[in-house]
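K.L.:
Mind having a look at this structure? Questions to follow.
The values are calculated or read from the model by the stated rules, or taken from the named source; none is laboratory data. A quick note: this is a predicted structure, and the numbers were derived from the prediction, not measured. Reconstructed Cβ throughout: ideal geometry from the backbone, glycine too, with neighbour counts over all protein chains shown. Ligands, DNA and RNA are excluded from the accessible area calculation, which covers all protein heavy atoms including side chains. Shrake-Rupley method; radii C 1.70, N 1.55, O 1.52, S 1.80 Å.
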Amino acid sequence: AIACNLLQVEWANHQVNLWTVDLQSIPLVQGTATYTVDEATIMIMAAYIETTVNSIATDRIVTSIDRDTYASFPDKTTQGQPTVYWFNKQRAPAITVWQPPDADTITQSGSFKFYRARQIQDASAINGLHPEVPYYFLEAYTAALAVKLGELYAPSELPRLVPMAKAQFDAAANRNVENAPLRIVPAMSIY
């Protein structure tokens, strides 16, 4: 099970693993800028503020900023509608929004919603191995696990196993994409 979990850690570093993406929601509190996040959160992929007025939900995209940009804001206490967030990737991760939510945002049942990539769940050796990988990754998982175990028990087999594992991972990773068209439109209205 240790080799399986180390393999899953390695794969978690190859983000984005689409099967680990889920939607999270944090209720906003007036005047509060920083909110704790589940420790299994590896990265935030997209975020928005959802407000509800008269049973009609409205979403407004918020964009990410880095630590230095957040630190450069001179006023971090004046309340308003949050427009950006900073994801602090510490052992106890947190999201800080700017501006801290105001009364209007809270009155409208404001929530910070985000799609995150989370840590792959540990493999369970009880009653057999149950790795959290989708069907189309099973062959890649088996090949990569053979490499992990080969490092300990059969180093002479590594020249054969490593290329096979890489090929299997690359094939599975190429299927692990969202099939959506890319559309680029120039912003000509400013000219």
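K.L.:
Across every pair of different alpha-carbon atoms, what Kirkwood hydrodynamic radius in Å does the chain reach? Each step should come with its number before you reach the end.
P.N.:
Working: mean 1/r = 0.0508 Å⁻¹.
Kirkwood hydrodynamic radius for the chain: 19.7 Å.
K.L.:
With labels modelled as points extended 7 Å from the Cα through the Cβ direction, what inter-label distance (nm, one decimal) is found for Thr36 paired with Lys76?
P.N.:
1.9
K.L.:
Let me ask you something else. Give the cross-link partners of Lys166 among the lysines, using a straight C-alpha distance below 16 Å as the criterion and excluding same-chain residues fewer than 8 apart.
P.N.:
Answer for Lys166, where 16 Å is the Cα cut-off: Lys148, listed by chain and number.
K.L.:
So if I take the centroid of the Cα atoms in segment 10-41 and the same for segment 95-162, what is the distance between those two points in Å?
P.N.:
13
K.L.:
Once you mark the GluC sites (Glu not before Pro) that are in a DSSP loop and have at most 14 other Cβ atoms within 10 Å, what is the longest gap between them in the chain? Numbers along the way, then the final one.
P.N.:
Details: sites that count: Glu39, Glu178.
With a cap of 14 other Cβ atoms within 10 Å, the longest stretch comes to 40-177.
K.L.:
Given the rule -39500 (n - 2.57) for each run of at least 4 DSSP H residues, summed and divided by the residues of the chain, what is its mean residue ellipticity at 222 nm, to the nearest 500 deg cm²/dmol? Present the calculation step by step, with values, prior to reporting the outcome.
P.N.:
Working: 5 runs with 56 residues, N = 191.
So the helix-based figure for the chain works out to -9000 deg cm²/dmol.
K.L.:
Give me the 1.4 Å probe accessible area per residue for the chain, excluding ligands and nucleic acids, in Å².
P.N.:
Numbers: 12040 Å² over 191 residues.
Heavy-atom SASA per residue in the chain reads 63 Å².
K.L.:
Could you give the angle, 0 to 90 degrees to the nearest 10, between helix 138-153's Cα long axis and the longest principal axis of the Cα atoms of the chain?
P.N.:
60
K.L.:
Tell me the Kirkwood hydrodynamic radius of segment 61-152 in angstroms, computed as one over the mean inverse distance between distinct C-alpha pairs. Don't jump to the answer; show the numbers that get you there.
P.N.:
Numbers: mean 1/r = 0.0579 Å⁻¹.
Here the Kirkwood hydrodynamic radius works out to 17.3 Å.
K.L.:
Follow-up. Of the accessible area of segment 14-153, with the probe set at 1.4 angstrom, what percent is carbon plus sulfur? Intermediate values should be presented prior to the final figure.
P.N.:
On the way: 4140 of 7980 Å².
On segment 14-153, the fraction of accessible area on carbon and sulfur atoms equals 52 percent.
K.L.:
Return the percentage of antiparallel bridges among DSSP beta bridges fully within the chain, rounded to the nearest 5 %.
P.N.:
Values: 30 of 34 bridges.
Of the beta bridges lying entirely in the chain, close to 90 percent run antiparallel.
K.L.:
How about Lys113: which lysines have a C-alpha closer than 29 Å to its C-alpha, ignoring those fewer than 8 places off in the same chain?
P.N.:
Lys76, Lys89
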